[in-house]
Structures are given as C-alpha cells and as structure tokens.
Amino acid sequence: MIKKAVIPAAGIGKRFYPLTRAMPKEMLPLLDKPVIHYVVEEAVKSGLDEILIIVGHGKEAIIDYFDYNGLDEEMDNYGIRDFPSIYFIRQKEQLGLGDALKYSEKFVGDDPFVVLLGDTVYVSSTKKTVTRQLIDVYDKLKSPLIAVERVKREKMKDYGIISGEKIKKNLWKVDYLVEKPEPDKAPSDLGITGIYILDNKIFDYLNKIKIGKNNEYQLTDALNLYVKENDLHASSFKGKRYDIGTKGLWYEAFMEFLKNRRS
Ligand code: UTP
C-alpha cells in the first residue's frame, strides 16, 4: 500500500517573477485556497497520509499555512486541521527537481512513494482523484509509473516527453525520456505531467546524474538511467492538470475553479 507523498515546493519560480521575490508561487490562490492546499488535498484524498513537503528559502508561508490557527474554531478551515501531520525539509540550494528529491530519501525509506509537484493541480473527471487513478494502475503493475498526457507540438518544449511502447489502452512501457525537446526531436506526443510513483532505487540514479538542462539536476535524467536497468511505465488519466507555475495556466485554473465553485 502506498502511503507516502513527497511534494517538492522549493523552486525559485522564475516564471512568476517578480511576485516570487517575496511569495512562494505555491501560495498563489485558486479562489480562496492556495495551490499547495489542493496538492495536499489531492494526496490525502488519494489515501496518502504521510506527507513531506520540500521547501527552501522564502517558503515559510507554506509551513505557516498548515499550522493550527486561532480562527480555526470559528471559521471553516477547509479540512486543514484534519490533514495528517506534514513533514517539512529545506532544500539548501535550488538546484532543480532532481536535487530536491534527494532530500526525501530518509523519509521514503524502503517504501514506494508518490511525487506530486507543489505547483501542479489536478481536477479529475471521475470520482477517483487523478493520483488515485495512477496508484490503482501501480497496484496492478507493481512497477514505477509516471503520469502522461498528450501534448500539442508547440507545447513540447515545456515538457519532458517519453518514448515508449503502447502495451494497452492508456498504458506505455517507457524506453527513454527527453526533457523539453524541440518539437521535431520529440519521440512522441506524450508529456510528463508531474505525478510520479517511484521506488527507492531512484535515489541511486539521482545521486549519479550531472547538472543538466537549465543548469538544474533533472529528475528526467535520473529516470533515463533508471529505465535502462528497471521497468518504468507511463499512464494517462481522466482529468485535467494545471501547472500554475505559468501565468496562463494559473489564470485558466482560477477561472475554471470560479466557474465550478460551490458557494
Ligand atoms: P519548476 O521548474 O516548475 O519550478 O519545478 P521552478 O524552478 O520554481 O520554476 P521556474 O522555472 O523557476 O519558474 C517543478 C516543482 O519542483 C519544485 C518547484 O517548487 C515545483 O513545485 N522545485 C524545483 C524544487 O523543489 N526545487 C528546485 O530546485 C526546483
């Protein structure tokens, strides 16, 4: 049973500069809740109750947000009080997702775990959360798994793209991955969306990679080493994903949440 979620939220957020000089992008609002709330909620609703958030310089607001607050007695706290205990660790230097994840090694121990990005929100189109859909695939396969979605050609340079063999509807066996390829060099239109179900072998490969694209340690590079020696699958899901690290998608997500709000 997968119980652990690792949420990297330590990135600098250059694409939202200058706002992110003093405010974590993970605290951007979708209606009246910050994005990180939805990410933790996604984990909890998917049955994950051991949660580690990787933070860094200037990200204290994220830690404060999950504290008990004097107003909690009189106001709806949107379930924050009932969230399981959340662990926090600080990434010393913002050297990329591949570096951030290394800080989760002790927390993960020998268990499989889910990585959910702190700036990415999922809206499922079924009763199951998107993460739960993927955990269910993992439970059948017992193989590490990444979430993918079809990506338009002009968007490919914003994604990691997989090359893989389709083994059944919505499921591929991954051969290799390319980080942010030029569209004519992309091996498929299947883009990595930011949910990864991994095992602790990934840490061996995270420790081997060198600094990569954008001068950051890339998880994609570690997965490329991983897939040479281990099975890795990719699955699509029913629902929509918003990477709120980009202004356009944050705005789109905000408007969609506004349209669908219940109160
Ligand atoms: P992004 O690449 O989207 O975040 O990383 P970023 O680096 O903050 O964004 P830009 O490119 O500068 O605008 C995806 C996730 O990984 C985390 C981010 O916080 C985000 O949730 N991350 C990224 C880290 O935790 N540490 C890092 O060094 C980099």
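What to note about this one:
- Rg/Rh ratio calculated on Cα atoms of the range 137-263 (Kirkwood radius): 1.00
- Accessible surface calculations at 1.4 Å, restricted to protein heavy atoms, place the range 63-218 at 55 Å² per residue.
- Protection proxy ranking, highest mean first, for peptides 153-159, 176-182: 176-182, 153-159, where packing is the per-residue count of other beta-carbon atoms within 10 Å, averaged.
- Binning all Cα-Cα separations of the chain at 5 Å, short to long from zero, yields these whole-percent fractions: 1, 6, 13, 18, 21, 19, 13, 6, 2, 1, 0, 0.
- Cα-based shape type of the range 38-142, given that a ≥ b ≥ c are square roots of the gyration tensor eigenvalues and the cut on a/c is 1.5: oblate
- Between amide H atoms placed 1.01 Å from N, distances below 5 Å from residue 180 occur with 159, 160, 161, all of them 5 or more places distant or on a separate chain.
- Pairs spanning more than 22 Å between alpha-carbon atoms, out of 102/238; 45/92; 166/238: 102/238; 45/92.
- Both radii are taken from the alpha-carbon atoms of the range 86-212; with Rh as the Kirkwood radius, Rg/Rh is 0.95.
- Database remark: amide H of residue 164 closer than 5 angstrom to the amide H of 175 (H placed geometrically; neighbours at sequence offset of 5 or more, or on other chains; Pro and chain starts carry no H).
- ³J(HN,Hα) computed for each position of the range 49-57 - Karplus, 6.51 cos²θ - 1.76 cosθ + 1.60, integer Hz, glycine/proline x: 10, 10, 10, 10, 10, 8, 10, x, 3
- Per-residue SASA entry for residue 90, accessible area with 1.4 Å probe, Å² rounded to 10: 110
- Share antiparallel - DSSP beta bridges, the chain, percent rounded to 5: 65
- For the range 1-54, the convex hull spanned by the alpha carbon atoms encloses 80 Å³ per residue.
- Solvent-accessible surface ranking, highest first, for 103, 138 at 1.4 angstrom: 103, 138
- Comparing 190, 141, 116 in a Gaussian network model of the chain where C-alpha atoms under 10 Å apart are linked, the largest mean-square fluctuation is found at 141.
- Label separation (residue 127 vs residue 77): 3.0 nm, computed from points 7 Å beyond Cα along the C-beta direction.
- Phi to ³J(HN,Hα) by Karplus 6.51 cos²θ - 1.76 cosθ + 1.60 over the range 208-225, Hz, x for Gly, Pro: 8, 5, 9, 4, x, 3, 6, 6, 10, 6, 9, 4, 4, 5, 5, 5, 5, 6
- Protein heavy-atom surface of the chain, 1.4 angstrom probe: 50% of the accessible area is carbon and sulfur, with nucleic acids and ligands not counted.
- Cross-link pairs exceeding 23 Å between alpha carbons, from the set 128/155; 173/201; 155/185; 152/213: 128/155.
The values are calculated or read from the model by the stated rules, or taken from the named source; none is laboratory data. Quick caveat: nothing in here was measured; it's all calculated off a predicted structure. Here the Cβ is made from the backbone with ideal geometry for all residues, glycine too, and neighbour counts use every protein chain on show. With ligands, DNA and RNA removed, areas are computed over all heavy atoms of the protein, side chains included. Shrake-Rupley method; radii C 1.70, N 1.55, O 1.52, S 1.80 Å.
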